[in-house]
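Peer 1: Here it is: the structure, laid out below.
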Amino acid sequence: MPRTLNQKIGIIAEKAVRQHCKCPKCKKRSARLKPLPNNFKCVDVVCDFCGYLAQVKGTRTNTHREITLVRAGGWKVLKERLDAGIYFPVFIVKVQGETPTGIYYVPADFLRREVFVGHGKPRVIKAEQPAGKPRKYSMFNYDFRKLGPHRMIEIWKRK
């Protein structure tokens, strides 16, 4: 099945996190962050030792530009978790072309509800549907400017 540019960037980002990051919780080098199935709600990787869960987001950006706004996912699914007080940590991967250039980490403890924005008018998402009509979802973005300074931890940088 053909993939959109955003899906390709997501695949590159998840591969980079699995290759360059150890689990932030147990810190075991032998433990690996493993991918979860596509469309698993709210998270993308799990530690195969301690069960730690995290979301991975890829963003096309200039290597030297600060990460501010990152497209994310479906608002309804996330809102249910936020209402229950569940926040997942996020790995953000800068991607240039098809190459990851940096990995950053935002612990769940740093996230606040105001970081999740853009949950207004539904936008059309290219997704297969039996009738062949595109689906509309209310989506959200991460606005990392609302975290304040020094809230994004650099994990890895391409040399």
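Where a number appears in this text, it was derived from the coordinates with a stated rule and is not lab data. Keep in mind that this is a model prediction, so the values were computed, not measured. Positions of Cβ are generated from backbone atoms using ideal geometry, with glycine treated the same way; all protein chains shown enter the neighbour counts.
Peer 1: Summarise the long-distance tail of P(r) for the chain by giving the % of C-alpha pairs beyond 18 Å.
Peer 2: Details: 7552 of 12561 pairs.
Tail fraction, whole percent: 60.
Peer 1: Quick one: compute the contact order of the chain, relative version, from alpha carbon pairs under 8 angstrom and 6+ residues apart, as a percent. If you can, show how the numbers build up before the last one.
Peer 2: On the way: 295 pairs, mean separation 34.1, N = 159.
That works out to 21 percent.
Peer 1: In the chain, if the dipole is taken from +1 on Lys/Arg beta carbons and -1 on Asp/Glu beta carbons about the Cα centre, which of Phe40, His64, Tyr104 is farthest to the positive end?
Peer 2: Most positive-ward Cα: His64.
Peer 1: Let me ask something else about it. If amide H atoms are built 1.01 Å from N in the plane of the peptide, which residues on other chains or at least 5 residues away come under 5 Å of the amide H of Gly118?
Peer 2: Close amide H contacts, sequence-distant or interchain: Asn141.
Peer 1: Which entries of Lys28/Lys157; Lys57/Lys159; Lys28/Lys94; Lys41/Lys79; Lys34/Lys57 have Cα-Cα distances beyond 18 Å here? Before the final figure, lay out each step's value.
Peer 2: Details: Lys28/Lys157 21 Å; Lys57/Lys159 21 Å; Lys28/Lys94 25 Å; Lys41/Lys79 12 Å; Lys34/Lys57 15 Å.
Checking Cα-Cα distances, Lys28/Lys157; Lys57/Lys159; Lys28/Lys94 exceed 18 Å.
Peer 1: Could you give the angle, 0 to 90 degrees to the nearest 10, between helix 5-20's Cα long axis and the longest principal axis of the Cα atoms of the chain?
Peer 2: Here the helix axis deviates by roughly 20 degrees.
Peer 1: Give the calculated FRET efficiency between Thr99 and Lys76 to the nearest 0.05, with a Förster radius of 25 Å applied to their Cβ-Cβ distance. Walk me through the intermediate numbers first.
Peer 2: On the way: r = 34 Å, r/R0 = 1.34.
Approximately 0.15, to the nearest 0.05.
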